[in-house]
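Enquirer: Input: one structure, supplied below.
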Amino acid sequence: MDNFLESIISRDPAAKSKISVLLTYPGVKAVFLHNIANKLWKMNLNLLARIVSQTSRFFTGIEIHPAAKIGRNLFIDHGMGVVIGETSEIGDNVTLYHAVTLGGVSPSIDSANQRSLKRHPTLKNDVVVGSGAQILGPISVGENAKVGANAVVTKDVPKDAVMVGIPAKNINKDESIKDEKFRPYGVKVD
């Protein structure tokens, strides 16, 4: 828990202390409750897992399906309106801003045949997703990639990419350059 809180403080200039982050950040509560819901889901207590998940949504405004796989140190900043679908996979040290959707592309079409399929994205380690971005379908977002605010991503994203626009396009012309600086909205400020 200590490393988790430290990771948030290192990524959020508004974070003043561990106790403040623990008590007042909805993303922290959502991740904590997701861990409980996920354990229940793995025990085939699906209804109870969904109740925990929906209770978390009520209190935080963040919806995480109990079956979603989440790595270490997920930081959901502000969080309101974040949706993480059932077959989503999130790596370590990922940052999501408010109103991000990790969703499917056609959930209402032929639902019965989609139940056992991968329908949601996979975010690799150290990905940053700006507010309002939509990452849709069973695609992969490579390590250290940045997705800009309000981008719509429907195709695989290479590592170190900077994706912006609708549909999202990679504006990092030299993908061999790894950007180590934290850029919360996927664009350089200089």
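Enquirer: Taking the conditions exactly as written (in contact with a Pro (Cβ under 8 Å, 6 or more places away or on another chain), touching a residue at least 24 places away in the same chain (Cβ under 8 Å) and more than 18 Å from THR87 (Cβ to Cβ)), does PHE59 satisfy them or not?
Expert: Values: in contact with a Pro (Cβ under 8 Å, 6 or more places away or on another chain): yes; touching a residue at least 24 places away in the same chain (Cβ under 8 Å): yes; more than 18 Å from THR87 (Cβ to Cβ): yes.
Against the criterion (in contact with a Pro (Cβ under 8 Å, 6 or more places away or on another chain), touching a residue at least 24 places away in the same chain (Cβ under 8 Å) and more than 18 Å from THR87 (Cβ to Cβ)), PHE59 qualifies.
Enquirer: Give the stretch 157-181 a look and list any residue that's among the small types (Gly, Ala, Ser) and at pLDDT below 65, or say none. Walk me through it before giving the result.
Expert: Just the residues of the stretch 157-181 that are among the small types (Gly, Ala, Ser), to begin with: 161, 165, 168, 176.
Listed by number, the list holds a single entry, SER176.
Enquirer: Which fully enclosed helices (runs of 4 or more DSSP H) of the stretch 1-74 have 1 or more residues being under 22 Å from SER116 (Cα atoms), open to solvent by 70 Å² or more (accessible area, probe 1.4 Å) and of a type outside the set (Phe, Trp, Tyr)?
Expert: Details: elements: 2-11, 18-24, 26-42, 46-60.
So the answer is 26-42, 46-60.
Enquirer: Please name all residue pairs, on different chains or six or more residues apart, with Cβ atoms under 6 Å, provided the first residue is in the stretch 140-169 and is within 19 Å of ILE90 (Cβ to Cβ) and in contact (Cβ under 8 Å) with a residue 40 or more places away in the chain and the second residue is basic (Lys, Arg) and open to solvent by 10 Å² or more (accessible area, probe 1.4 Å).
Expert: Partner pairs satisfying both residue conditions: GLU143/LYS124; GLU143/LYS159; LYS146/ARG183.
Enquirer: While we're on this one: With respect to LEU102, determine if the residue is of a type outside the set (Lys, Arg), within 14 Å of VAL141 (Cβ to Cβ) and either modelled with pLDDT under 95 or touching a His at 6+ places or on another chain (Cβ under 9 Å) (or both). Don't jump to the end; show me each part of the working.
Expert: Values: of a type outside the set (Lys, Arg): yes; within 14 Å of VAL141 (Cβ to Cβ): yes; either modelled with pLDDT under 95 or touching a His at 6+ places or on another chain (Cβ under 9 Å) (or both): yes.
It is true that LEU102 is of a type outside the set (Lys, Arg), within 14 Å of VAL141 (Cβ to Cβ) and either modelled with pLDDT under 95 or touching a His at 6+ places or on another chain (Cβ under 9 Å) (or both).
Enquirer: With the condition kept exactly as written, say whether any residue in the stretch 130-137 is open to solvent by less than 50 Å² (accessible area, probe 1.4 Å) and under 24 Å from ASN3 (Cα atoms).
Expert: Yes.
Enquirer: Looking at (1) within 23 Å of ALA145 (Cα to Cα); (2) open to solvent by less than 30 Å² (accessible area, probe 1.4 Å); (3) touching a helix residue (DSSP H, G or I) at 6+ places or on another chain (Cβ under 9 Å), find the lone condition where ASN93 falls short.
Expert: ASN93 satisfies all of (1) within 23 Å of ALA145 (Cα to Cα); (2) open to solvent by less than 30 Å² (accessible area, probe 1.4 Å); (3) touching a helix residue (DSSP H, G or I) at 6+ places or on another chain (Cβ under 9 Å) except (2).
Enquirer: Could you grab me the full set of residues in the stretch 96-124 that are polar (S, T, N, Q) and either touching a helix residue (DSSP H, G or I) at 6+ places or on another chain (Cβ under 6 Å) or open to solvent by 50 Å² or more (accessible area, probe 1.4 Å) (or both)? If you could, list the steps in order and put the result at the bottom.
Expert: Within the stretch 96-124, the subset polar (S, T, N, Q) is 101, 106, 108, 111, 113-114, 116, 122.
The answer is SER108, ASN113, SER116.
The values are calculated or read from the model by the stated rules, or taken from the named source; none is laboratory data. Keep in mind that what you see is a predicted model, and the values were worked out from it rather than measured. A quick note on method: Cβ atoms are made from the backbone with ideal geometry, for glycine too, and the neighbour counts reach across all protein chains shown. All accessible areas refer to the heavy atoms of the entire protein, side chains included, with ligands and DNA or RNA removed. Shrake-Rupley method; radii C 1.70, N 1.55, O 1.52, S 1.80 Å.
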